[in-house]
Structure formats: structure tokens, C-alpha cells
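Here the structure comes first, spelled out in C-alpha cells, and everything after it is commentary.
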Amino acid sequence: AEAEHALPGHIIAKVGAWGYTSHFHAIMADTAGAPISTRGSRGVYASVQGQLAGAPGEAVLDGWVRAGIATARINPVGCYLGGGVTYGTDVARVGAAVAHARLGDPAMRAAVGSGIHPRRAETSIELTYARRMTRWLTVQPDVQYVIDPGWRGDRRDALVAGLRLIVSLS
């Protein structure tokens with residue numbers, strides 16, 4: 001379920017919750033090493049997004065922030081926090097964002113128990129630029145720097161580059 005509320009100044013606030021009633025294997029096994037079956041997985045989240053500066057028809061500055069938590073005994077990621085900004089027009093827009101995902105305690109203990117030296121969090125810093133080339137084609141290069149990818153202390157930080165092509169059929 002999700003609830004949304006419009007605030008003054010083109011700001012939208014959302015809160016939500018999700019849940020699954022199926023049976024899942026918990027991240028941690030019992031003392032004999034057998035999987036523990038548990039019912040249900042849940043989470044909650046909130047976000048705020050909107051226009052921070054500018055007016056329609058000119059370059060605008062938009063921003064967002066999101067946070068969420070989930071059942072740590074089932075989901076490796078126990079909590080997430082992210083945010084970013086974009087600046088530009090409908091034709092060209094530049095953006096920057098940060099995403100921070102933290103492992104829950106059960107996932108940390110399971111990783112240590114399997115001989116992995118985990119990091120508590122993975123953080124990604126992203127820069128992107130989108131340019132509408134024609135009325136139907138937008139090109140968006142993207143670069144991300146990922147700190148502690150896969151929550152693994154034995155891996156180097158990663159630099160990831162991508163290119164997104166957006167084709168509008170309408």
C-alpha cells in the first residue's frame with residue numbers, strides 16, 4: 001500500500017508498506033545448519049520529491065530523497081537511504097545521486113560465518129546526463145562509483161559506465 005500527499009511548492013511526499021505472506025528461508029540457519037522456515041517478509045518506505053527551484057518553461061532543479069527498511073531476517077538489505085538532484089529542461093538534464101544500502105545483522109553474521117569479510121554498506125555515487133536528440137530519441141550516458149560493491153571487503157571499489165537509449169513511441 002502507498003499513500004501520497006501533495007505539499008506546497010510542487011513537493012510530493014509518499015509513505016508505503018509492503019508484505020509477503022509466503023514462507024521464506026531465513027538468512028541464518030539453525031544451530032545444526034538447517035534452514036529456518038519463516039512466514040512473511042515486510043518493509044516500509046518513505047520518499048519526498050519535487051521541484052526545488054525554477055519555473056515551467058525554463059531550467060528547473062528537482063530533488064528527491066528515499067528511505068526504507070525491510071525484515072532483516074529474510075532480506076539481506078536491512079535499510080536503504082538515497083537521494084539526488086537533477087537540473088535542466090525537457091531537452092537536456094544533468095543529475096547526481098547517492099544510494100546507500102546497509103546489510104542487516106543476520107546477513108552480516110551469515111557472511112562472516114561463510115568466511116567472507118563483509119562491509120556493512122554499499123554506497124553508489126552517480127552522475128548522469130540526458131539529452132533529447134529527436135522527438136523520439138533520448139540518449140543518457142551514466143557513470144557510477146560504487147564503494148564496497150557487493151558489501152565485500154575483499155573487492156576494490158568499482159567504476160561503472162552505462163548508456164541508456166530511450167525510444168518514445170508516442
Please state which of the following conditions Met28 fails to meet, knowing it meets all the rest: (1) touching a Gly at 6+ places or on another chain (Cβ under 9 Å); (2) assigned to a strand (DSSP E or B).
(2)
Regarding the stretch 102-109, can at least one residue be identified that is under 30 Å from Ser41 (Cα atoms), surrounded by 14 or more Cβ atoms within 10 Å (Cβ to Cβ) and within 14 Å of the chain's Cα centre (by Cα)?
yes
Which residues, counting only those in the stretch 134-170, are in a loop (DSSP other than H, G, I, E, B) and either of a type in the set (D, E, K, R) or open to solvent by less than 60 Å² (accessible area, probe 1.4 Å) (or both)?
Thr134, Arg135, Asp148, Gly153, Asp154, Arg155, Arg156, Asp157, Ser168
Just one listed residue, out of Val98, Val112, is free of Cβ contacts under 8 Å to residues at least 12 places away in the same chain and open to solvent by 60 Å² or more (accessible area, probe 1.4 Å), and it is Val112
Residue within the stretch 111-132 that is modelled with pLDDT of 95 or more, in contact with a Phe, Trp or Tyr (Cβ under 6 Å, 6 or more places away or on another chain) and within 23 Å of Ile166 (Cα to Cα) present:
yes
Neighbours by Cβ (under 6 Å, 6+ apart or cross-chain): first from the stretch 128-144, in contact (Cβ under 8 Å) with a residue 12 or more places away in the chain; second small (Gly, Ala, Ser)
Thr128/Gly95; Arg131/Ala92; Trp136/Ser168; Thr138/Ala130; Gln140/Ala130; Asp142/Gly162; Val143/Ala161; Gln144/Ser124
Within the stretch 23-42, can one find any residue that is in contact (Cβ under 8 Å) with a residue 24 or more places away in the chain and under 19 Å from the mean Cα position of the chain (by Cα)?
yes
Of residues in the stretch 1-54 being among the aromatic types (Phe, Trp, Tyr) and over 25 Å from Gly84 (Cβ atoms), the one surrounded by the fewest Cβ atoms within 10 Å (Cβ to Cβ)
Tyr20
In the stretch 55-72, how many are crowded, with 18+ Cβ neighbours inside 10 Å and either acidic (Asp, Glu) or closer than 19 Å to Val112 by Cα (or both)?
2
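The values are calculated or read from the model by the stated rules, or taken from the named source; none is laboratory data. Predicted, not measured: the structure shown is a model, and the values here were computed from it. Here the Cβ is made from the backbone with ideal geometry for all residues, glycine too, and neighbour counts use every protein chain on show. Heads up: the accessible areas ignore ligands, DNA and RNA and are worked out on the full protein's heavy atoms, side chains in. Shrake-Rupley method; radii C 1.70, N 1.55, O 1.52, S 1.80 Å.
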